[in-house]
Amino acid sequence: MREKRLTVECPSFGTGASIPPRHSWEGDGVSPEIRWRDLPEGTKSFVLIMEDLDVPAPRLCLFTWVRGAACGIPPQVTTLREGVRATPRLENGAKQAVTSFRRPGYGGPCPAWGTHRYRFRLYALGRRLDLEPKGVRKRDLVQAMRGHILATGDLVGVARRRKHAPKRPHAEVGVRAV
């Protein structure tokens, strides 16, 4: 059986469009509002993972950089508002997994060079993931979701370093929740 496709949208940018600076290291590093629709029947929870698809791969071992992850999003929730706080547990009951920054929360786009693609992938699950947020990583989410994915949907935005943008390390950006 082929899984259904979810529609994932952001009022700040569309698929293939530039992610506004306010959602990146160049701005305030505020998480964007993410909305979804076309939910499959039987959805018990959602997982949302944001990744930089164009991180350099040391020694040609391909990987992505996880910039935000939330799991256990209740089935009645169809929007994560802009600027969600960086806490292990969100007000709506969802939990944030540990990102590649080794902490929960949102880390906005920060390409070292060139243009990078940033994918927000949403998973509709036929079960609720009851994972504790402390120490949960993408690989734990992927393993726990196996066999329970009803539908997926993607939103891919792009960001590039501006020529004269100030150089700010990730630690100064302030991580925001997805």
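No value in this document is a laboratory result; all are computed from the given coordinates. Everything numeric here is computed off the predicted structure, so don't read it as measured data. All Cβ positions, even for glycine, are placed from backbone atoms using ideal geometry, and neighbour counts span all protein chains on display.
Scanning segment 108-156 for residues that are in a strand (DSSP E or B) and in contact with a Ser or Thr (Cβ under 7 Å, 6 or more places away or on another chain) yields Arg121, Leu122, Tyr123, Ala124, Leu125, Leu150, Gly153, Leu155, Val156.
Scanning segment 143-160 for residues that are closer than 20 Å to Val30 by Cα and among the small types (Gly, Ala, Ser) turns up at least one hit. Go through the residues of segment 34-43 one by one and say whether even a single one is touching a residue at least 12 places away in the same chain (Cβ under 8 Å), exposed (fewer than 14 other Cβ atoms within 10 Å of the Cβ) and outside any loop (DSSP other than H, G, I, E, B). Yes.
What's the total number of residues in segment 90-107 that are of a type in the set (Val, Ile, Thr) and assigned to a loop (DSSP other than H, G, I, E, B)?
So in segment 90-107, the residues of a type in the set (Val, Ile, Thr) come out as 98-99.
Still in the running and assigned to a loop (DSSP other than H, G, I, E, B): 99.
Residues in segment 90-107 being of a type in the set (Val, Ile, Thr) and assigned to a loop (DSSP other than H, G, I, E, B): 1 in total.
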